[in-house]
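The values are calculated or read from the model by the stated rules, or taken from the named source; none is laboratory data. Keep in mind the model is a prediction, meaning the values are calculated, not measured. Cβ placement follows ideal geometry from the backbone for every residue including glycine, while neighbour counts extend to all protein chains displayed. Heavy atoms of the whole protein, side chains included, go into the accessibility calculation; ligands, DNA and RNA do not. Shrake-Rupley method; radii C 1.70, N 1.55, O 1.52, S 1.80 Å.
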Amino acid sequence: TQSTWGLHLCCVVAMFTPDVLNGIIKRSPAQEQRMRIQMCALVPQGKSSSVASVLATAAASGDRHDTSYYAKCMFGGLLACGLTHTAMVPLDIVKCRMQVDPNRYKGIFDGFNKVKAEGGMSGLRLGWLPTFLGYSMQGLAKYGFYELFKDKYSEAVGHENAVKYRTLVYLSASASAELIADVFLCPMESVKVRMQTSAAGTFPTTFGAAANKIWAGEGMTGFFKGISPLWMRQVPYTMVKFASFERTVEAFYTHVFTKPKDEYSKATQLSITFMSGYLAGIFCAIVSHPADTVVSKLNQVKTEGSTVSAISGILKDLGPAGVWRGLGARIVMIGTLTGLQWWIYDTFKTALGLQTSGGVKK
């Protein structure tokens with residue numbers, strides 16, 4: 001039932017409490033203070049210092065990166081991804097149907113009208129529960145493990161290199177986090193896409209019945225056959241999402257909002273967060289769209305043979321132009337969604353007394 005799956009989500013969240021993370025994070029308060037002092041000492045003096053000091057600023061911002069911090073980031077990510085993706089379900093349905101049946105759904109507005117005509121207003125909410133469950137669990141892992149891996153990789157390469165090559169740290173940390181996050185997302189994504197793209201009357205439209213049908217027909221393979229193309233879509237997407245967000249926030253505080261970050265109100269800081277997130281989302285949509293089209297086609301129907309052969313057949317059928325169908329809808333969806341995700345994430349963090357993400361302090 002739907003309530004049972006909601007309980008499963010709560011159990012997954014409970015797995016990542018500070019007590020569980022305590023065995024992973026082993027930095028003492030003395031180490032935290034020493035790291036802040038060392039990183040601040042790396043900041044060069046003069047005009048370029050505001051750019052080069054981004055990681056030193058994060059370390060000196062007053063947020064102790066202990067088990068409680070990572071747990072708060074996980075819950076912030078859960079809210080950010082679960083709420084925003086669920087709110088975007090109507091647009092997601094249109095986007096998916098444009099990808100799998102372009103002859104029928106010829107554009108965003110045409111798609112909305114046809115989905116509504118076929119299923120009424122309820123047709124625009126189809127698949128909301130697997131969307132909420134899947135992306136909540138994905139957001140929990142994505143944001144929490146990003147913060148964790150960012151700190152761990154910074155320590156591994158040394159503070160000077162972590163500052164100098166901070167973009168590579170962002171890219172590596174986000175890729176590692178997304179590999180984990182997609183394992184949580186994949187089963188729910190499979191159910192969601194099948195519910196949203198199957199022809200009327202050929203597949204259940206309620207979550208429990210849909211999941212049971214996939215299990216009965218394909219077993220565990222039906223839930224995880226899309227993991228490879230999901231990684232192809234989500235890992236580059238998340239790398240761009242986090243790295244471009246971090247550097248965009250940095251650019252705003254370096255070139256536009258030139259006073260020290262902590263002199264701006266939280267409302268202003270959160271506005272900068274949203275603007276940076278929206279711009280990052282546009283880049284994300286473009287980078288990951290071909291793989292997103294493949295995921296939609298792969299999950300649309302039961303497939304025979306290996307996943308690799310299925311993907312090869314899909315790419316052959318789609319052709320170079322076909323993989324870009326629905327890009328306009330996805331840019332609107334992902335740009336708005338990513339901006340809102342970062343805004344919700346930072347709003348949650350500031351409500352708990354943490355700093356907003358990214359930026360520099362002069």
Problem set entry | When residues of segment 226-243 are limited to those that are of a type outside the set (A, V, I, L, M) and surrounded by fewer than 22 Cβ atoms within 10 Å (Cβ to Cβ), the one farthest from residue 284 (Cα to Cα) | 228
Exercise. Among the residues of segment 72-89, is any over 30 Å from residue 347 (Cα atoms) and either among the aliphatic types (A, V, I, L, M) or out of contact with any strand residue (DSSP E or B) (no Cβ under 9 Å at 6 or more places or on another chain) (or both)?
Worked result: no
Seminar exercise, completed: Residues in segment 192-224 that are more than 12 Å from residue 127 (Cα to Cα) and open to solvent by less than 10 Å² (accessible area, probe 1.4 Å) total 2
Exercise. Can you find a residue in segment 302-309 that is under 14 Å from the mean Cα position of the chain (by Cα), open to solvent by 40 Å² or more (accessible area, probe 1.4 Å) and either farther than 30 Å from residue 355 by Cβ or modelled with pLDDT under 85 (or both)?
Worked result: no
For this session: Within segment 154-165, identify whether any single residue is acidic (Asp, Glu) and either surrounded by fewer than 23 Cβ atoms within 10 Å (Cβ to Cβ) or modelled with pLDDT under 95 (or both), and answer yes or no.
Result: yes
For this session: Go over the candidates 144, 119, 139 one by one and state the one that is touching a Leu at 6+ places or on another chain (Cβ under 8 Å), at pLDDT 95 or above and in a helix (DSSP H, G or I).
Result: 139
For this session: State all residues of segment 258-282 that are more than 23 Å from the chain's Cα centre (by Cα) and either β-branched (Val, Ile, Thr) or in a loop (DSSP other than H, G, I, E, B) (or both); if no residue qualifies, say none.
Result: 258, 259, 260, 264, 265, 268
Problem set entry | Residue in segment 195-210 that is β-branched (Val, Ile, Thr), within 24 Å of residue 86 (Cβ to Cβ) and within 22 Å of the chain's Cα centre (by Cα) present | no
For this session: Return the pairs, sorted by first residue and then second, in which the second residue is part of a helix (DSSP H, G or I), the first residue lies in segment 68-80 and is of a type in the set (S, T, N, Q), the beta carbons are less than 8 Å apart, and the residues are 6+ apart or on different chains.
Result: 68/18
Problem set entry | So residue 185, is it open to solvent by 40 Å² or more (accessible area, probe 1.4 Å), of a type in the set (A, V, I, L, M) and assigned to a helix (DSSP H, G or I) | no
Problem set entry | Restricting segment 292-301 to residues that are farther than 16 Å from residue 333 by Cα and open to solvent by less than 10 Å² (accessible area, probe 1.4 Å), the residue that is modelled with the highest pLDDT | 294
Exercise. Can you find a residue in segment 61-72 that is open to solvent by less than 50 Å² (accessible area, probe 1.4 Å), more than 26 Å from the chain's Cα centre (by Cα) and either at pLDDT 80 or above or under 30 Å from residue 141 (Cβ atoms) (or both)?
Worked result: no
Problem set entry | Test: residue 152 is closer than 23 Å to residue 128 by Cα and out of contact with any Phe, Trp or Tyr (no Cβ under 8 Å at 6 or more places or on another chain) | no
Exercise. Looking at segment 167-181, which of the residues that are open to solvent by 20 Å² or more (accessible area, probe 1.4 Å) and not small (Gly, Ala, Ser) is nearest to residue 247 (Cα to Cα)?
Worked result: 167
For this session: State yes or no: is residue 255 at pLDDT 85 or above and part of a helix (DSSP H, G or I)?
Result: yes
Exercise. Any residue in segment 122-134 that is in a helix (DSSP H, G or I), touching a residue at least 60 places away in the same chain (Cβ under 8 Å) and open to solvent by 30 Å² or more (accessible area, probe 1.4 Å)?
Worked result: no
Exercise. Can you pull out the residues in segment 342-360 that are open to solvent by less than 10 Å² (accessible area, probe 1.4 Å) and aliphatic (A, V, I, L, M)?
Worked result: 360
Seminar exercise, completed: The number of residues in segment 103-121 that are closer than 17 Å to residue 333 by Cβ and surrounded by 15 or more Cβ atoms within 10 Å (Cβ to Cβ) is 5
